[in-house]
Amino acid sequence: MARRKQPECPEVPNEIKALPVRRPGSLVAGVIVALLAVMLVRGMATNPNFEWDLVWKYLFNEHVLNGIGWTLVLTVTSMLIAIVLAVLLAVMRKSVNPVLRGVSWFWIWFFRGTPIYTQLVFWGLFAVLIPHLTLGIPFTGIHFWQMDTAQLNKVIAPGFLAAMLGLALNESAYLAEIVRAGLEAVDPGQSEAAQALGMSRSMIMRRVILPQAMRIIVPPTGNEVISMLKTTSLVSAVPFSLELQFATDAIANRIYKPIPLLIVACFWYLVVTSILMVGQAWLERYFGKGFDGQSAMPAGGDGGDGAAEPKAKAAPKASIDGDRTPEFLGLNA
Amino acid sequence: MNEQTANEEPFEAAQTAQTAQTVPEMPAAQDPRGQAGVIPAVKATQVHKVYGSLHVLKGIDLTVMPGTVTVILGPSGSGKSTFLRLVNQLETLTGGSIEVDGELNGYRHVEQHGADVLQTLNDKEIARQRAKIGMVFQRFNLFPHRTVVENVMEAPVHVAKVPKERARQEAMAQLERVGLADRADYYPMQLSGGQQQRVAIARALAMHPGIMLFDEPTSALDPELVGEVLGVMRSLADAGMTMIVVTHEIGFAREVGDQIVFMDGGVVVEKGGPEIIDEPKEARFRDFLSHVL
């Protein structure tokens, strides 16, 4: 029981107290880099062209704050749609049905293979491309329901649907590959054990494979969310004119001062990104349960000698997981 | 005895095919616990398995009577694990048939144009057949994202649709049986290999299977942990569970096995009671035993 709490360091009679190794090169490099950093900050603070008073003036401007709101709404909605589509695409990709596999392959090929900006322009022209949507029996003239697609442009806010779908469909292609990698990383023995218990294929996917794949899927998806947040600045291509980048741009054009408003935009993108990183860390801990020995200590279970032993065993596991995280970050940054 | 002599030339497919006719009656008469007229728990007839160009199983005949323990011995690559996986339909048969409790595995006989043909069962029907068989794997394969008790409850709650509270009570009883009730709220990775394998046994037992399959259950364990798993298996056998065990634990085979099967090169080389371990007839079995004992 005592060992479950943080143990005190044991006394070692001949503990080594040596001077650290000398690294003169690293000291010099540190001084140079610190000096450069100070110069940069000082330059930014004193350069009048940054116009910090204007930055401060517009930082909490109503249009800017609204812009943050719309940027967040776009990010969240398009990401949610993309996640649902991506799981579907990834499962289709592994299906026994060649038609489903082919469609999934084509989708990923198309949406990854064309620039997001082009796709967004395309979605903006949707009403020109397909003026009417009808619901009826295919290849006959019969239809029960019809609408003008131009009306869709006005749903929620002008251009919102096109912007959201454009971002979501593009993102789904990238996420589908992430999800597929996650599904394939789960030990095939898991699926066999579940089969042996009589579980159905869909149940195995839902209750055994996906929860474990999440551990692999979450870190790169976190990066995708952050990337999506910044990609929303491209929806002016649709055009959708309410999000942060467009809002700051509009003010800049009005007062002929682009630089301070770019700084305003950067500031807010950084704030939101930082908050998202905290959320990502939380999700990683949640889906890592059972894999790292720390999050999982049972509450109130009796300890005894056995309790300390598994913790010791689990510790190296945790450090392995820790080492792997930057790898994912680097991969998708 | 007759079976052994009939199997003297196991490489000859024709020979083994002939023995197939005689096998059905023999084990019932021979088996100490079996009785004539009882439906075998598992009856494999001329089972073949081919992977690409690899002929893994070349006509396996094996009958397991209810309440008996069959131990399959053999060198790695002899096809013994493949056979076990076929019984639980983790692999599909290339030829022959396997019946579990008198019911054909994976297929149904249907009439088409006046001829009797096999119709493949759908996933749901196969899942139902699998649920009657418990399986324990070499690598445990516990669900790492669920606690020990959740692992055991998983199939009863989601496959057998047992209410959660009752499933939890029954899961605790199964854990009690393998001596791990006090580890119920741990995650599998916090347990030793031997403990994990005992949880895996409890998880399989939770579905009240008629047959338990063990695929080298102690091969991934540190030597000092083998005993606790074998102990649980022994108590299961004593309780009258029908078991097929693939293992390298000769001592366990001799002590617990009612039927010993030695496989090599995809055929059954020798089978009989536990006494064949001490007096092997076939040179290859003798050679194998001299290496593992």
Notebook entry, point to check: Out of B:Ser53, B:Ser81, B:Ser97, any idea which swings most in a Gaussian network model of chain B, alpha carbons joined below 10 Å?
Noted result: B:Ser53
Next item on the list: Would you grab the residues whose amide H sits under 5 Å from the one on B:Ile211? Only those 5+ places off in sequence or on another chain, please, with H modelled 1.01 Å from N.
Entry: B:Gly134
Check: With the Cα gyration tensor of the stretch A:204-247 giving a ≥ b ≥ c as the square roots of its eigenvalues, does the rule (a/c under 1.5 for rounded; else a/b larger than b/c for prolate; else oblate) give rounded, prolate or oblate?
Finding: prolate
Next item on the list: Assuming 0.890 mPa s and 25 °C, estimate D for chain B with Stokes-Einstein, Rh taken as the Kirkwood radius over Cα pairs, in µm²/s.
Entry: 124
Next item on the list: List the longest stretch of chain A that has no exposed loop site; here a site is one of the chymotrypsin sites (Phe, Trp or Tyr not before Pro) assigned by DSSP to anything other than H, G, I, E or B, with at most 16 other Cβ within 10 Å.
Entry: A:140-255
Check: So what is the calculated 222 nm ellipticity per residue for chain B, using -39500 (n - 2.57) for each DSSP H run with n of 4 or more, over all residues, to the nearest 500 deg cm²/dmol?
Finding: -11000 deg cm²/dmol
Margin query: 5 Å is the cut-off here: which amide hydrogens, built 1.01 Å from N in the peptide plane, fall below it relative to B:Gly74, excluding neighbours closer than 5 in sequence?
Written below: B:Met263
Notebook entry, point to check: To the nearest µm²/s, what D does Stokes-Einstein give for the protein assembly as shown at 20 °C and 1.002 mPa s, using the Kirkwood radius over alpha carbon pairs as Rh?
Noted result: 72
Next item on the list: Please give the average number of partner chain Cβ atoms lying within 10 Å of the Cβ of each residue in B:135-147, rounded to a whole number.
Entry: 6
Margin query: Explain nothing, just compute: Karplus ³J(HN,Hα) = 6.51 cos²θ - 1.76 cosθ + 1.60, θ = phi - 60°, for every residue of the stretch A:209-214 in order, whole Hz, x for Gly and Pro.
Written below: 6, 4, x, 7, 5, 4
Item checked: the stretch A:1-89: trypsin sites (Lys or Arg not before Pro) in DSSP coil with no more than 14 other Cβ atoms inside 10 Å -> A:Arg3, A:Arg4, A:Lys5, A:Lys17, A:Arg22
Notebook entry, point to check: Karplus couplings for the stretch B:193-206 from phi (6.51 cos²θ - 1.76 cosθ + 1.60, θ = phi - 60°), rounded to Hz, Gly and Pro as x?
Noted result: x, x, 5, 4, 5, 5, 5, 4, 5, 4, 4, 5, 5, 4
Notebook entry, point to check: What is the magnitude of the charge dipole of the protein assembly as shown about its Cα centre, with +1 placed on the Cβ of each Lys and Arg, -1 on the Cβ of each Asp and Glu, and no other charges, expressed in debye to the nearest 20?
Noted result: 2380
Next item on the list: Using the 2.2 N^0.38 Å rule of thumb for compact globular proteins, work out how chain A stacks up: its C-alpha Rg over that value, please.
Entry: 1.33
Check: Given springs between every Cα pair under 10 Å in a Gaussian network model of chain A, which of A:Gly136, A:Gly67, A:Gly182 has the largest fluctuation?
Finding: A:Gly136
Item checked: Nonlocal amide H pairs with B:Glu270, under 5 Å, H built at 1.01 Å -> B:Phe262
Next item on the list: Using the Karplus curve 6.51 cos²θ - 1.76 cosθ + 1.60 with θ = phi - 60°, work out ³J(HN,Hα) for each residue of the stretch A:91-107 in order, rounded to whole Hz, and write x for Gly and Pro.
Entry: 5, 4, 4, 9, 6, 7, 7, x, 5, 4, 4, x, 4, 4, 4, 4, 4
Notebook entry, point to check: How many Cβ atoms of partner chains, on average, are near each residue of B:153-159 if near means within 10 Å of its Cβ?
Noted result: 4
Check: Taking the alpha-carbon set of the stretch B:195-293, what are its Rg and Dmax in Å?
Finding: 14.1, 42
Next item on the list: Tell me what chain A gives for mean residue ellipticity at 222 nm when only DSSP H runs of n ≥ 4 count, each as -39,500 (n - 2.57), the sum divided by the residue total, rounded to 500 deg cm²/dmol.
Entry: -23000 deg cm²/dmol
Item checked: P(r), alpha carbons of the stretch A:66-122 - 5 Å bins starting at zero, rounded % -> 4, 16, 17, 22, 18, 11, 7, 3, 1, 0
Note to self: Exceeding 19 Å between C-alpha atoms, which entries from my cross-link table qualify? They are B:Lys43/B:Lys281; B:Lys58/B:Lys80; B:Lys132/B:Lys161; B:Lys58/B:Lys281.
What the structure shows: B:Lys43/B:Lys281; B:Lys58/B:Lys281
Check: Taking GluC sites (Glu not before Pro) that fall in a DSSP loop and have at most 15 other Cβ atoms within 10 Å as cut points, what is the longest piece of chain B between them?
Finding: B:13-293
Margin query: Please list, by residue number, everything in the stretch A:151-194 whose backbone N is under 17 Å from a paramagnetic label point 7 Å out along Cα→Cβ of A:Arg206.
Written below: A:194
Next item on the list: Specify the residue with the greatest mean-square fluctuation among B:Met189, B:Met243, B:Met263, computed from a Gaussian network of chain B linking alpha-carbon atoms under 10 Å apart.
Entry: B:Met189
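No value in this document is a laboratory result; all are computed from the given coordinates. Nothing here was measured: the structure is a model prediction, and the numbers come from that model. Note that we place each Cβ from the backbone using ideal geometry, even for glycine, and neighbour counts take in every protein chain shown.
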